[in-house]
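J.: Sending over a structure as structure tokens; questions will come in a sec.
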Amino acid sequence: MSFSPAHCGGEGPPLLLLHGFTDTWRTWEVVLPALERRFEVLAPTLAGHAGGPQLPAGGASDAAIVDAVEAALDAAGWEAPAIAGNSLGGFVALRLAERGRARSVVGLAPAGGWAPDDPASAEVLRYFRMMVPMVREAAPQADLIASTSEGRAAASIAYAGNADHLSPDLVSHLIRGAAACDSAPLLAFAAREGWPLDPERVTCPVRLVWGTDDQILALPAAAARFRAEFPRAEWVEIDGAGHCPQLDHPIETAELIAGFSA
């Protein structure tokens, strides 16, 4: 399976969409039709992920991922678009806002929101280290797994509480994309350096969105730092949504992005 580096489409003001760890740009596929009616959308695949730029030879870092996205903004001629990001993509969106490259940010369960020294951060990294070999073992059977409703539900259970509307092709792609992610250096960097962020440099409007059934970055611990450091941010909880609300609550998520980004 080949992985494309980005998706572009729609008309209107610019909107950048950033996916989460081990995902690709196609995690936004279900919400793209609604968003592209109102925005010109750029959805790149992050560095180190399937179809995205390679990580630098010197090693992975959050700065390398942010640099690659900033280069994509420069290539598109976008100075400071509205940005929506999920998980790792939400953290990258806030880092871009630090650099003055965001007009607004909608963070869907952004990573890095634990309080200092919260052991939950290390537990999430351990989860991904455990998950990666399992996904790589399953990847050759991705089409078979995604061919049944039970298989699609099992493959997406950690990210979306409802997989009924997800196509077999999308679920198969996300399995294979996760298997192809260059995850080891990214996990090693996160364990070593944490999630560096200077909230005082984020001066654009911020909306933070969390699913109440998020099994990866569970409330309230995964949002404690953001609650303290972004007192002016708007907070929204989606009842019953998992870690990737764009997948299991696409209509509500599209409106939460569009209404704020406009």
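J.: What does the convex hull of the Cα atoms of segment 181-262 come to per residue, in Å³, rounded to a whole number? If you can, show how the numbers build up before the last one.
T.: Values: hull volume 10.8 nm³, N = 82.
Here the figure is 132 Å³ per residue.
J.: Compute the FRET efficiency between D198 and E237 as 1/(1 + (r/R0)^6), taking r as their Cβ-Cβ distance and R0 = 25 Å, and round to the nearest 0.05.
T.: That gives a FRET efficiency of 0.45.
J.: Another question about this same structure. Normalised radius of gyration for segment 111-201, please: alpha carbon Rg relative to 2.2 N^0.38 Å, two decimal places.
T.: Values: Rg = 15.7 Å, N = 91, 2.2 N^0.38 = 12.2 Å.
That ratio works out to 1.29.
J.: For segment 35-114, take N as its residue count and report Rg(C-alpha) divided by 2.2 N^0.38 Å. Intermediate values should be presented prior to the final figure.
T.: On the way: Rg = 12.4 Å, N = 80, 2.2 N^0.38 = 11.6 Å.
Ratio of Cα Rg to 2.2 N^0.38 Å: 1.06.
J.: With a Förster radius of 30 Å, plug the Cβ-Cβ distance of A221 and E255 into 1/(1 + (r/R0)^6) and report the FRET value to the nearest 0.05.
T.: Values: r = 27 Å, r/R0 = 0.91.
The pair A221/E255 has a calculated efficiency of 0.65.
J.: Packing-wise, with mean Cβ within 10 Å as the measure, how do 129-137, 220-228 rank, highest first? Walk me through the numbers before you get to the answer.
T.: Details: 129-137: 13.7, 220-228: 17.4.
Highest-to-lowest ranking by the protection proxy: 220-228, 129-137.
J.: Please compute one quarter of the surface area of the Cα convex hull for segment 57-98 and express it in square nanometres. Numbers along the way, then the final one.
T.: Values: hull surface 13.0 nm².
Orientation-averaged projected area of the Cα hull: 3.2 nm².
J.: A further question on this structure: Please report, largest first and rounded to whole Å, the three semi-axes of the ellipsoid equivalent to the chain, where each semi-axis is the square root of five times an eigenvalue of the C-alpha gyration tensor.
T.: Calculated on Cα positions only, the semi-axes equal 24, 21, 19 Å.
J.: A follow-up question, please. List, in order, the whole-Hz ³J(HN,Hα) value for each residue of segment 146-154 obtained from phi through the Karplus relation with A = 6.51, B = -1.76, C = 1.60 and θ = phi - 60°; use x for Gly and Pro.
T.: Ordered by residue, 3J(HN,Hα) equals 7, 7, 10, 5, 5, x, 5, 5, 5 Hz.
J.: Rounded to the nearest 5, what is the percent of antiparallel bridges among the DSSP beta bridges in the chain?
T.: Values: 4 of 25 bridges.
Bridges in the chain are about 15 percent antiparallel.
J.: Got a sec? How would F21, F260 order by Cβ neighbour count within 10 Å, fewest to most?
T.: Fewest to most other Cβ atoms nearby, the residues stand as F260, F21.
J.: Cut-off 15 Å, label point 7 angstrom out along Cα-to-Cβ of M134: give me the residues of segment 213-254 whose amide nitrogen falls inside.
T.: Answer for this model: 215-217.
J.: So if we plug the beta-carbon distance of E229 and E150 into 1/(1 + (r/R0)^6) with R0 = 35 Å, what FRET efficiency do we get, rounded to 0.05? Before the final figure, lay out the partial values.
T.: Values: r = 41 Å, r/R0 = 1.18.
Efficiency, from the Cβ-Cβ distance: 0.25.
J.: Regarding segment 124-253, what whole-number volume in Å³ per residue does the convex hull of its Cα atoms give? Walk me through the numbers on the way to the answer.
T.: Numbers: hull volume 16.0 nm³, N = 130.
Roughly 123 Å³ of hull volume per residue.
J.: For segment 24-70 and segment 108-128, what is the centre-to-centre distance using only Cα atoms, to the nearest Å?
T.: When both Cα centres are located, 21 Å separates them.
J.: Kirkwood Rh, segment 1-67, all Cα pairs: how many Å?
T.: On the way: mean 1/r = 0.0796 Å⁻¹.
In segment 1-67 this quantity evaluates to 12.6 Å.
J.: Segment 1-82: which GluC sites (Glu not before Pro) are DSSP loop and have at most 12 other beta-carbon atoms within 10 angstrom? Present the calculation step by step, with values, prior to reporting the outcome.
T.: Details: sites: E11, E29, E36, E40, E70, E79; in loops: E11, E29, E79.
Hits after loop and neighbour filter: E11, E79.
J.: Local charge sum around A191 (other residues, Cβ-Cβ under 15 Å, Lys/Arg +1, Asp/Glu -1)? Walk me through the numbers on the way to the answer.
T.: Values: positive: R126, R129, R192; negative: D62, D117, D118, E123, E193.
Overall, the nearby charge balance is -2.
Every read-out reported here was derived from the displayed coordinates using simple, explicitly stated rules and does not represent laboratory data. This structure is a prediction, so every number in the text was calculated from the model and none was measured. Cβ coordinates were reconstructed from backbone atoms using ideal geometry, including for glycine residues, and neighbour counts include every protein chain displayed.
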